[in-house]
Each structure stands twice: as structure tokens, then as C-alpha cells.
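The values are calculated or read from the model by the stated rules, or taken from the named source; none is laboratory data. Every value quoted in this text rests on a predicted model; they were computed, and no experiment measured them. Note that we place each Cβ from the backbone using ideal geometry, even for glycine, and neighbour counts take in every protein chain shown.
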Amino acid sequence: MKKEKLGKIFAAVQTPGRYTGSEYNAYKYKNERFRFLLCYPDDYKIGMSSLGYHTVGKIVSSHIDFAVERCFAPAPDMEKIMREEKISLFSLESKTPADKFDLLGFSVHHELSFTNMLNMLDLAGLHPMRAQRSHKDPPVIAGGPATVNPALLGEFADLMVVGEGEGIIPGLLDRFTSSGSKEEFLASAAELEGVFVSGKSSSVRITPYLKFDDSYVPCGQPVPCVSIPHDRINIEISRGCRGSCRFCQASVIYAPYRQKTPERILDIASASVASTGCDEIALTSLSATDHENIIEIMDDMHYAFRDLGVSVVMPSLRPEDFSGKFASGLSRIRRGGLTFAPETPSQRLKKIINKNIDNEKILEAARQASLRGWRKMKLYFMIGLPSETMEDIEEIGRFISRIKSETEMKNITVSLSAFNPQPHTPLQWVIPGDPEVLAEKERRIKKIVRGTVKGIDIQSHIISSILCRGDSGLGNVVYEAFREGARFDQWGEHFDYSAWERAFNKDGKDIMEYYFRDFSRLKELPWDSVETVAGKDYLEKSYRIVLKLIGERTGV
Amino acid sequence: MSDLRARIRYSKEYPSVYIGHLDTVRELERSMRRAAWPFKLTSGFNPRVKMSSIPPLSLGYLSYAEYLEVSLNSIPGDCQIGEFETSQPEGLEIISVEIIYPGEESINDIIEGYRYRIEISQPLETKPDNPAVLREEGKGFLVIDILKKDGNIKNPAKFIDQRIFKKVVKTECIFKSKEKKQ
Ligand code: SF4
């Protein structure tokens with residue numbers, strides 16, 4: 001595409017920096033044999049905030065035969081121009097049409113980005129449905145957390161890298177370089193551990209990457225040229241979680257718990273600051289303060305970077321961190337808000353979901369943090385949990401009132417989410433909460449909580465819940481939803497429930513029937529093809545405990 | 001301003017013309033950090049680099065005269081300056097790095113106006129109003145100076161119908177003359 005034409009387009013769209021590809025450290029094509037288009041089916045700002053996305057970029061660009069370029073879902077104003085002017089989806093760096101790449105890789109973090117993935121394929125001139133694409137079209141690979149249910153995603157992607165990509169992608173690229181055709185590549189890829197080839201594979205096992213300390217890290221990643229939500233260096237200091245909350249998919253698919261050494265973490269931080277110049281380092285993990293050397297790491301970071309104006313943030317803190325050995329290290333990290341996810345204040349429900357976060361410890365943390373000058377607090381609660389009653393909901397109001405009266409925390413935000421029975425969790429067999437009851441509970445919380453309450457988009461929850469447990473039979477529905485205009489379904493301002501209703505109707509399916517599907521009656525679940533480290537037996541055992549706990553109360 | 005400073009003059013060309021002002025300043029700050037510049041930080045719990053820049057350039061305009069001043073603890077070494085100059089994204093280029101000593105006026109105090117070269121699709125119908133001075137009008141282009149008035153330097157689109165603009169380039173800043181300063 002000519003510079004003049006691009007200039008005209010950039011001048012006509014919002015935040016054109018998302019499409020220029022002019023960032024420092026942007027990828028460069030150096031005549032490698034093959035070209036890989038790294039696609040993120042959401043906006044630039046979300047994709048560029050993703051550590052997983054940058055890590056895949058690093059892995060692929062480290063392969064001698066592959067050049068990487070990036071591509072994100074175009075925002076609606078950009079899509080409009082592209083469709084009007086018949087501009088094909090193009091890479092950010094060289095503005096090469098997507099279908100000219102040898103491989104297309106999508107980093108799929110959420111099922112609500114499926115329609116964006118389909119839209120990107122369509123804009124690339126490729127059919128969004130796998131079965132409709134020809135052997136001449138480039139293979140479409142999907143990776144990321146959404147692959148843990150390959151049944152539905154496999155209707156769009158040719159193959160999926162399931163689980164942790166570090167150990168799988170290099171071998172997969174090797175197979176591509178030695179294959180003469182798409183068919184040969186797919187057949188050969190199906191032999192690899194961690195790869196699920198749609199229409200060929202019957203099972204796949206999630207294999208943890210045990211060389212976690214040495215794993216690829218995206219030092220030298222492209223530096224975003226527009227502000228993005230997580231504009232920082234993310235360092236994954238540990239993977240997995242020692243907890244085992246029964247609704248949590250991440251703790252199952254990223255098991256077992258592993259950590260990086262303090263030396264390695266400091267090396268990564270130094271190399272990343274020197275190669276990006278970012279002013280913030282986030283120590284990311286499902287539970288960062290579980291790291292046995294966390295205090296040493298905080299001290300190292302503080303002394304290494306304080307003169308460069310680099311601050312350190314920890315997105316996940318536990319209430320006990322505010323009084324235990326970690327408390328002194330808190331002055332080393334940037335003071336933001338205090339954030340915890342108790343999910344519920346009800347002791348009974350905590351037992352059911354196995355979330356061991358004590359209300360008294362949250363209160364103590366709020367006290368300690370307010371003594372240190374923190375004034376903002378955000379608490380995440382999940383509603384629609386199995387056997388939840390209105391009395392459990394009332395407890396949320398009482399708990400917030402206690403925090404307000406017993407501590408100096410005056411600015412409290414309650415953020416709600418609806419329980420979603422995710423695949424590979426012990427609660428995967430539970431039927432999600434009735435949307436009308438969820439709405440009633442939400443209304444009640446808004447009434448009783450003195451403070452800001454961030455509510456739930458219940459319609460988006462319905463679709464998300466259906467898709468994450470979806471089977472191949474829903475492929476056509478997602479395709480129809482895309483044709484009906486569904487895009488950016490994770491974004492409240494873009495989500496269009498009516499597009500989904502039309503899509504279900506067209507396919508002769510009932511949305512609510514799918515939402516209330518009783519998976520406990522099924523012997524085989526759509527995602528049983530994926531074997532996790534914990535295994536289905538463990539999930540079943542844990543689920544039986546839940547049934548017992550619920551039964552104890554209800555006498556069932 | 002009492003700090004030791006570096007006055008950075010840089011240009012903005014395609015595709016960086018589509019990057020907003022704050023994002024550009026952040027980019028420059030990052031490139032200084034990549035080169036480990038000894039910059040001065042603000043005090044407080046979340047220290048920031050002490051910087052000031054001239055008012056924002058409109059999105060889509062090219063410029064050869066953008067300025068940013070950053071406070072320093074000491075003068076960066078040649079290698080640090082060299083690294084800073086060469087580690088810019090596409091479309092941003094460092095034209096000069098000048099050390100300004102404590103007590104000297106800041107860039108915003110000495111700027112009197114901007115000079116623009118504008119490619120136009122049709123001749124001007126009416127001459128721009130004061131404080132915009134038309135210096136030259138050639139075939140398909142014009143050069144105007146826009147001078148500071150009431151502390152502000154306005155955008156060319158305030159004086160000329162921007163529908164005739166094909167390309168706008170800020171070519172230089174107009175500074176106070178030395179005599180005037182005294
Ligand atoms: S919800 Fe948090 S604490 Fe619980 S298992 Fe998942 S990551 Fe661990």
C-alpha cells in the first residue's frame with residue numbers, strides 16, 4: 001500500500017498509532033524463508049498489553065527461518081474504511097496482506113474474541129470456517145487460554161497449541177519448514193505433544209514447561225506508541241498457583257507451581273528496561289507473593305532501577321501480605337489501590353468454592369494499608385455461585401460496611417462478575433445462575449453497598465458462558481453472529497446481544513437452552529479431548545465434595 | 001528554571017506524525033531511559049522524570065522544530081547521547097541535544113512563534129489575520145509565521161481554511177532576539 005493512501009486512512013481513523021507499526025523494536029523482515037503473522041483478535045491496546053502475545057512473538061522470531069509481523073483486530077472505523085476501499089487485512093510492520101504470510105497465528109485469550117478472529121480471517125480474504133478453506137490457504141494456528149476447549153475453536157483454526165507454548169512452538173515451526181504442503185504439515189503437527197489438529201487429533205495433553213526459569217521472555221518487544229492499559233514490562237515471576245479454588249481454570253491449566261530465580265528475574269528486568277525504556281515493571285503471577293524470594297526480588301528491583309524512575313507494581317497481593325514478612329517491602333512498590341478477590345464474604349460459600357481468603361485478614365489488610373496511606377480499595381465478588389442465596393448476597397453489604405466503619409478506607413469499589421462454570425474446573429458440571437436471579441442479586445448489591453459497584457453485563461456473560469463450554473455444533477452460530485455484525489464482544493460499548501440472538505435463531509438453536517445445558521448428565525464433555533495435569537478424576541472428586549457440602553445444607 | 005537541562009530538538013515525519021503529543025514525549029523519555037540518562041526525578045511517592053515541552057503539534061503535521069527539555073543530575077556522556085539519538089522509532093529523529101545551564105531561560109520563555117510551510121490545493125483567497133504573517137506565497141505552497149499573542153501560538157487552521165491544506169510542515173521556531181531579551 002502506498003504511503004499517501006495509508007496517510008489518508010490514518011488521518012481518518014481514531015488513534016492511528018495503532019496501525020502505523022512504527023514502534024521502537026517493531027519486527028523487521030530480514031529475508032527469512034518464512035513469514036509468520038502474529039494476530040491478536042482484539043484491539044491493539046489489549047494485544048500489546050499481553051505478555052503471552054509478546055512471548056509468542058519472541059519464540060517465533062527466535063527461529064532462524066521465521067520472520068514475525070503483527071496484526072490486531074481493526075476497530076470499527078478502520079474496518080469500515082477497509083471494507084469500503086477493499087483493503088485486505090495487513091501486517092503492521094510491512095503492510096503486507098495477511099494471506100501472503102506462510103502461517104497465521106492467533107493468540108486467543110477469551111472466547112468473546114472469536115468473532116474478531118473470524119472478522120480478521122474474512123478481511124484477509126480467507127474463509128472464517130476451517131472446512132471452507134482450501135489447501136492453498138495458509139494454515140491458521142490458535143494458541144492461548146481459549147484452546148483448552150478445542151471443540152469450538154477448532155471450527156475456525158486448523159490447529160491449536162494447547163497449554164504452554166514455549167515447549168511446543170519451536171518444534172511446530174520445524175515441522176512447517178520440513179513439510180511440502182499444508183496437508184503434510186497438519187499431519188506431521190498432529191504427532192506433536194501439545195498440538196491438536198482439527199479434524200485429525202482426538203486428544204491432547206497439557207504438558208507443563210518445566211524449564212520455566214530459562215523460558216523465553218520477550219525482552220526487546222515492540223514498545224507501544226499509544227498509551228495502553230498495561231504499558232509496562234511484565235515479568236512472570238512464577239507460574240501456577242498453590243491455591244485450588246474450584247472455579248479457577250488458570251490454576252488447573254498452569255499447574256504445577258514453578259518459579260523463576262531472583263537472579264533471572266533481575267536479568268530480565270535489566271534487559272527489558274534497557275531494550276524498551278518502560279517506566280514500570282509488573283511482577284506478574286497468579287500469586288506473586290507466594291514466591292519464596294519475593295522480598296529479595298523487591299529489594300533488587302528497587303535499588304537497580306530507582307534512579308531511572310522505574311516503579312515496580314504487583315498486580316496480585318494477598319491480605320496477609322500487609323501484616324506478614326512482606327509488609328516492609330510494600331514501601332518499595334507503587335501505591336495504587338488495594339485489590340483483593342474474596343469472591344464471597346460467606347464462609348459457607350468460601351468452603352464450596354475452596355477460596356481460602358479470610359474476611360478478618362482482609363479487614364486487617366485494609367487497616368494496615370490505610371495506616372500506610374492507601375485509601376482506595378477494590379474488591380471482586382462473584383455472584384451466582386452454586387447454592388448461593390439472597391442471605392449470602394446480604395453479607396456483601398454487611399462486609400463492606402464493616403470495612404468502612406473499622407478502617408480508614410473510604411473509597412471502596414465493588415466489582416461483580418457472574419460465576420461461569422469453566423472447562424477443566426471442578427465446577428464445570430454446575431449449571432450457571434439464572435440471568436434473572438443474577439440481575440436481582442446485582443440490583444440488591446447496588447442497593448446495600450455504600451460505594452461504587454461495577455455491575456455485570458449479564459447478556460455478555462450468557463454468551464461467554466455458552467462459548468467457553470461450546471462444542472463444534474456452535475461453529476455455525478459464531479459464524480452467523482460475525483455475519484450479523486458481532487465484534488469486540490468483550491467491550492460493553494460494542495457488544496450486541498441481538499446479533500447473537502439472530503445467529504442462534506438462524507441456526508434453529510435456543511440461546512437459553514445452551515446456557516442452561518446440564519453437563520453433569522453428559523458422560524463425555526466437549527473438552528474431554530484435553531488432558532490436564534490434575535486429570536478428570538481429581539475434578540470429579542472435588543465436585544463430589546461440592547455436592548456433599550451443598551447437600552449438607554439443603555438436606556439433598 | 002534552575003535545573004541543569006538537556007534541550008532536545010527533534011523532527012516528526014511519517015509515520016510518527018500520527019502519534020499524539022503525549023505519546024511522543026513518552027517515547028522520548030523511554031529512549032533516554034534506554035540510554036540510562038542521569039535525569040532528575042520529581043519527588044514524591046511515584047517519581048516522574050522532570051520534563052517540559054513546547055505546546056502540542058497537531059496530529060498529522062510534520063515538524064522539524066519540536067522541543068523538549070529534560071532536567072538532569074549531570075551531563076550525559078557522549079555514548080549516552082549517541083545511544084539516545086540513534087534509538088528512535090521510525091519517523092522521529094533527534095536533530096540536536098544542547099545542554100542548558102541553571103539560570104538560563106527555558107524553551108517556552110524564548111519562543112516567539114512558529115514558521116510553517118503549507119502545501120495548498122488552491123491559492124489563498126484572503127490573507128491571514130495578524131498575528132499570522134504571510135512571508136511567501138508560491139505555486140502550490142505558502143510560508144507563514146504565527147507569532148505568540150496573549151501567551152499562545154495558534155494553529156495555522158485558525159487563520160487559513162484547512163480544507164486547502166495538502167501538507168503542513170512546521171519548519172522552525174522563531175526565537176526572541178538576544179537584544180530583546182536583555
Ligand atoms: S483464584 Fe487465584 S488463588 Fe484461587 S486458585 Fe485461582 S489463581 Fe489461585
For the range A:26-35, does any single residue satisfy the condition of being buried (at least 22 other Cβ atoms within 10 Å of the Cβ), in a loop (DSSP other than H, G, I, E, B), within 14 Å of chain B (Cβ to nearest Cβ) and touching a residue at least 40 places away in the same chain (Cβ under 8 Å)?
yes
Among the residues of the range B:2-15, are any surrounded by 16 or more Cβ atoms within 10 Å (Cβ to Cβ), within 14 Å of another protein chain (Cβ to nearest Cβ) and in a helix (DSSP H, G or I)?
no
Conditions: (1) away from chain A (no Cβ under 12 Å); (2) closer than 13 Å to B:Glu27 by Cα. B:Gly91 meets all but one. Number of the miss?
(1)
Close pairs (8 angstrom Cβ cut-off, 6 or more residues apart or separate chains): away from every other protein chain (no Cβ under 14 Å) and closer than 28 Å to B:Gly44 by Cβ in the range A:346-373, among the hydroxyl-bearing types (Ser, Thr, Tyr) and more than 14 Å from the ligand (Cβ to nearest atom) anywhere
A:Glu364/A:Ser323; A:Ala365/A:Ser323; A:Ala366/A:Thr407; A:Arg367/A:Thr407; A:Gln368/A:Ser323; A:Ser370/A:Thr407
Wholly inside the range A:125-224, strands (runs of 3 or more DSSP E) that include 2 or more residues that are under 20 Å from the mean Cα position of the chain (by Cα) and not β-branched (Val, Ile, Thr) are A:140-143, A:159-161
Starting from the range A:1-13, take each residue that is in contact (Cβ under 8 Å) with a residue 12 or more places away in the chain and within 17 Å of A:Glu84 (Cβ to Cβ) and list its partners that are part of a helix (DSSP H, G or I) and among the polar types (S, T, N, Q), counting only C-beta distances under 9 angstrom and pairs at least six apart or across chains.
A:Leu6/A:Thr20
Residue satisfying all of: in the range B:47-85; hydrophobic (A, V, I, L, M, F, W, C), in a strand (DSSP E or B) and within 15 Å of B:Ala6 (Cα to Cα); nearest to the other protein chains (Cβ to nearest Cβ) among these:
B:Val49
Within the range A:272-289, restricting to residues that are touching a Lys or Arg at 6+ places or on another chain (Cβ under 8 Å) and among the hydroxyl-bearing types (Ser, Thr, Tyr), the one that is farthest from the ligand (Cβ to nearest atom) is A:Ser275
Here's a check for you: in the range B:91-124, which residue that is in contact with a strand residue (DSSP E or B) (Cβ under 8 Å, 6 or more places away or on another chain) and of a type in the set (Gly, Ala, Ser) is nearest to B:Ile81 (Cα to Cα)?
B:Ser96
Out of the range B:24-53, which residues are within 14 Å of the chain's Cα centre (by Cα) and surrounded by fewer than 18 Cβ atoms within 10 Å (Cβ to Cβ)?
B:Ser52
Scan the range A:403-446 for residues that are of a type in the set (D, E, K, R) and either modelled with pLDDT of 95 or more or within 28 Å of the chain's Cα centre (by Cα) (or both) and jot them down.
A:Asp434, A:Glu436, A:Glu440, A:Lys441, A:Glu442, A:Arg443, A:Arg444, A:Lys446
Can you pull out the residues in the range A:36-63 that are buried (at least 20 other Cβ atoms within 10 Å of the Cβ) and within 14 Å of another protein chain (Cβ to nearest Cβ)?
A:Tyr44, A:Met48
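Residue by residue, here is whether (1) within 16 Å of the ligand (Cβ to nearest atom); (2) within 28 Å of A:Gly21 (Cα to Cα); (3) away from chain B (no Cβ under 14 Å) holds:
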site	(1), (2), (3)
A:Leu210	no, no, yes
A:Cys245	yes, no, yes
A:Lys260	no, no, yes
A:Ser270	no, yes, no
Could you count how many residues in the range A:45-91 are under 16 Å from A:Ser272 (Cβ atoms) and touching a Pro at 6+ places or on another chain (Cβ under 6 Å)?
5
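Each row is one residue, and each column tells you yes or no for (1) at pLDDT 80 or above; (2) assigned to a loop (DSSP other than H, G, I, E, B); (3) within 13 Å of the ligand (Cβ to nearest atom); (4) not assigned by TED's automatic domain parsing to the domain that holds A:Ile297.
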residue: A:Lys325; (1), (2), (3), (4): no, yes, no, yes
residue: A:Arg335; (1), (2), (3), (4): no, yes, no, yes
residue: A:Phe340; (1), (2), (3), (4): yes, no, yes, yes
residue: A:Lys351; (1), (2), (3), (4): yes, no, no, yes
residue: A:Glu360; (1), (2), (3), (4): yes, no, no, yes
residue: A:Glu364; (1), (2), (3), (4): yes, no, no, yes
residue: A:Arg367; (1), (2), (3), (4): yes, no, no, yes
residue: A:Met377; (1), (2), (3), (4): yes, no, no, yes
